[in-house]
Amino acid sequence: MRIDTQGQIAFVDSLPLAPPAQVHVGRAFSGHLLPAMRGMTADGGSGEQTAYVAKGSLVSFVAGVDQAARADVLDALLFAQLGADERFDRERDFDHWHRFYLLVMQNVGWTVEVLDFAPPVLERFTVGELGLALLQTNASAAEQRAADATLASARHRVPAVFDQSSHSSDAGCFHVGTCSQLAQRIETTLICIHFHTGLRVTQLLKHVFDRRTTRYGASIYRCSLDLAAHAPVALQIRKKLADDVGVFIHELAL
């Protein structure tokens, strides 16, 4: 059952979040995550497509999504990940982690619809190739172009926090999202991919997976958000995240 705005705010206030320095058991990377300046465009323009890392998510915005809307989307995606991370290990208990992640999204105002799709058959593939194959029949041409540019940029250079957040040496869970805006409404195509592999993974986006040594699953969602109705909840999420925003959210150069 959908909860009202006050219920959403109460949920945000009560949800424990995982600390930024949390490292999952068996993770290939060590040390604390260092804060960095949030890379939102200075002029707040919406005339060009943009792309961001939000912890273990790669998020593309088509042209026309304004700065405030981008911030609301990124904050919500980060909030849901940190809330789920506090409860479950995203790699070793993926099913529970993923269900709780979606519950958080719904409880802060998002409408989430599961999309049907036929999984692509790929013998050898990168994350980018898999993500684009999944988007091909589930996203608009503009979203696909934005995702293509985002994945190409991230493969060349991605903030370390993405690898630190999205996988260990042999397992991972991450999102690829594309967003568009029409007036006060955001529409997002969100792909969730999880995998286990027999080969050591260090840089996820550069790794070439082999079907013979990799088990993976994917799900695709169409998520919608009423920005006007979400505004008071967004303020509470931003307050709750505090410095986590600077640690986990970074703009990619396109």
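Throughout, read-outs are computed from the coordinates displayed, never taken from laboratory work. Note that this is a predicted model, so its numbers are computed, not measured. Every residue, glycine among them, receives a Cβ derived from its backbone with ideal geometry; neighbour counts consider all protein chains shown.
Summary of computed values
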quantity: Chymotrypsin sites (Phe, Trp or Tyr not before Pro) restricted to the range 59-115 and DSSP loop, no more than 14 other C-beta within 10 Å; calculated: none
quantity: Highest average packing first - 117-130, 217-230, 137-150, Cβ atoms within 10 Å; calculated: 137-150, 217-230, 117-130
quantity: Sequence-distant aspartates and glutamates (8 or more away, or on other chains) whose Cα lies within less than 12 Å of LYS206; calculated: GLU129, ASP163
quantity: Proximal aspartates and glutamates to LYS240, defined as alpha-carbon separation beneath 16 angstrom and excluding residues fewer than eight positions away on the same chain; calculated: ASP13, ASP72, ASP75, ASP85, GLU86
quantity: Dipole moment magnitude, nearest 20 debye, the chain about Cα centre, only Lys, Arg, Asp, Glu C-beta charged; calculated: 500 debye
quantity: Rel. contact order, % - alpha carbon contacts under 8 angstrom, at least six apart, the range 49-249; calculated: 30 percent
quantity: Förster-model FRET efficiency, 35 Å R0, ARG212 and ARG155, C-beta, rounded to 0.05; calculated: 0.95
quantity: Environment charge at THR189 (Cβ cut-off 9 Å; Lys +1, Arg +1, Asp -1, Glu -1); calculated: -1
